[in-house]
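The next block holds one structure in the form of structure tokens; read it before the comments.
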Amino acid sequence: MKYSYFPGCSLERNASAYHVSAMAIAEPLGMEFVEVEDWNCCGATEYVSLNLIASYALIARNLAQAAKETSTKQLVAPCSACYLNLKKCNAYMEESPSLEEKINLALAAGGLSYKGGTLKVRHLLDVIVNDVGYEAIAAKVTKPLKGLRVAPYYGCMIVRPKLGKNGTFDNPEYPTTLDKLLKVLGATVIDFPLKAHCCGGHMTQISESTGFELIRRLIKGATDYKADLIVTLCPMCQLNLDAFQGAMNAHFNTTYHMPVLYFTQMIGLAFGMDAASLGIGTELVDARPALEKIGVEVPEAEIVVKKPPKEALPMPSMPEEK
């Protein structure tokens, strides 16, 4: 099974553990990922509301680049924001000839063009559960996650809205694909009613009190149901729940300690892979106490990235206050 692969900016930096663990499980699952040549940022979430044509041209450039890979017509994005942006642009270009014309006019400046619907845009979870299948995954499990209580967290992006001819791959209000996958891996999946609620996105940078409340609700929900950790499939969700958990605790005077790992890391553990090779140990909220329940040791070691990340651009200097 061969797919074009769009890592996105997060998997080059703060979510590198997601990329590393995805690549680690690809071979045993019989999957081959071909990274899109010279890809660029998808524009994240806010840019679309500022300049529609420019933002879609930015996204469509990735679709055009991916379409050059003639051996596959499927584009996989692990990041939920990247997936949603790519899927939206693909669907809207297919549905609106006038929009497609305007976007292609912009792409022509770089010698590119794209016809909407040429590619099928999919999330990594979708291809793993629907192309590989639960039975094939179960056959690879050598160290079941028995005794580990997990909260499956989808976030608000990957299952809605329904876009294009292919729609969504799960129930948009109460998805279950990740629940089923984690059960196949041997984990105890808790009832988590907030599984498709928003993590706050960039709200921590706009209104801390609002952002922290959205994070608190999710962490408290998982804690109330006695989860050992939260399992997610989105770099933004993982960043908010992991990196801002300490600030959220300080804001509300709480003491929550809820590790947040990626579903690809859980697959790797169930396949008997070394925790450090899956990027486990780089999360801010230490997952070792939870993983000790299933006999997983996490040495303090840096993860091995299969390729060096792109050089980051220097941050612009802020003007001095007068």
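Sequence-ordered 3J(HN,Hα) estimates for the range 133-145 from the Karplus curve with 6.51, -1.76 and 1.60 and θ = phi - 60° stand at x, 5, 5, 5, 5, 4, 5, 8, 6, 10, 10, x, 7 Hz, glycine and proline given as x.
Once fully extended, how much extra length lies between Lys180 and Ala250, figured as 0.36 nm per residue of separation less the alpha-carbon to alpha-carbon distance?
21.7 nm
Placing dummy labels 7 Å off each Cα toward the beta-carbon, the span from His197 to Tyr225 is 1.1 nm. Summarising the label geometry, the points placed 7 Å from Cα in the beta-carbon direction at Lys162 and Lys143 lie 4.2 nm from one another. Ranked from largest, the principal axis spans of the Cα set of the range 2-123 equal 44, 30, 23 Å.
Evaluate the Kirkwood expression for the hydrodynamic radius of the chain, namely the inverse of the mean inverse distance over all pairs of different C-alpha atoms, and round to one decimal in Å. Mind dumping the intermediate values first?
Working: mean 1/r = 0.0491 Å⁻¹.
Taking every pair of different Cα atoms in the chain, averaging 1/r and inverting gives 20.4 Å.
Extension gain for Lys68 to Glu32 (0.36 nm times residue separation, less C-alpha to C-alpha distance): 11.3 nm.
What is the gain in length, in nm to one decimal, between Lys293 and Ser209 on full extension, counting 0.36 nm per residue of separation less the C-alpha to C-alpha distance?
Gain on stretching Lys293 to Ser209: 26.8 nm.
Take every Cα-Cα distance within the range 141-294, group them into 5 Å bins from 0 onward, and report for each bin the whole-number percent of pairs it holds. Spelled out bin by bin, the range 141-294 gives 2, 10, 19, 22, 20, 14, 9, 3, 1, 0 percent. Rounded to whole Å, the principal axis extents of the Cα atoms in the range 137-201 read 38, 27, 18, largest first. Roughly how tilted is helix 80-95, in degrees to the nearest 10 and between 0 and 90, from the longest Cα axis of the chain? Here the helix axis deviates by roughly 30 degrees. Amide H contacts under 5 Å for Gly117: Glu94, restricted to partners 5 or more places along the chain or on a different chain, H placed in the peptide plane at 1.01 Å from N. The string of couplings for the range 60-77 from the Karplus curve (6.51, -1.76, 1.60, θ = phi - 60°) is 5, 4, 5, 5, 5, 5, 5, 5, 5, 6, 6, 7, 8, 10, 10, 10, 10, 10 Hz, one whole number per residue in order, with x for Gly and Pro. Number of Lys-Lys pairs in the range 108-207 with C-alpha atoms under 21 Å apart and a separation of 8 or more places or on different chains: 13. Note on the chain: with charges restricted to the Cβ of Lys and Arg (+1) and Asp and Glu (-1), its dipole about the Cα centre is near 700 debye. Proximity of backbone amide H atoms, modeled 1.01 Å from N, is registered between Gln74 and Ser4, Lys120 at under 5 Å, excluding neighbours fewer than 5 places apart on the same chain.
Using a Förster radius of 25 Å, what is the FRET efficiency between Asn40 and Lys120 based on their Cβ-Cβ separation? Nearest 0.05, please.
Using R0 = 25 Å, I get an efficiency of 0.75.
Axis angle, to the nearest 10 degrees, between helix 16-26 and the longest C-alpha principal axis of the chain: 90 degrees. FRET efficiency for Ile53 and Phe169, Cβ-Cβ distance as r, R0 = 22 Å, nearest 0.05? My answer for the efficiency is 0.15. For the chain, the 222 nm mean residue ellipticity estimated from helices alone, with every DSSP H stretch of n ≥ 4 adding -39500 (n - 2.57) and the total spread over all residues, rounds to -11000 deg cm²/dmol.
Remark on His197: its backbone amide H falls under 5 Å from those of Gly155, a criterion applied only to residues 5 or more positions apart or on other chains, H modelled at 1.01 Å from N. When the Cα positions of Ala227, Val141, Leu214 are compared along the charge dipole of the chain, Val141 comes out farthest toward the positive end, with charges on each C-beta of Lys, Arg, Asp and Glu.
All of the numbers you see were taken from the coordinates with simple rules; none came from a lab. Note that the structure is predicted; figures quoted are calculated from it, not measured. Note: ideal-geometry Cβ built from the backbone for every residue, glycine included; neighbour counts use all protein chains shown.
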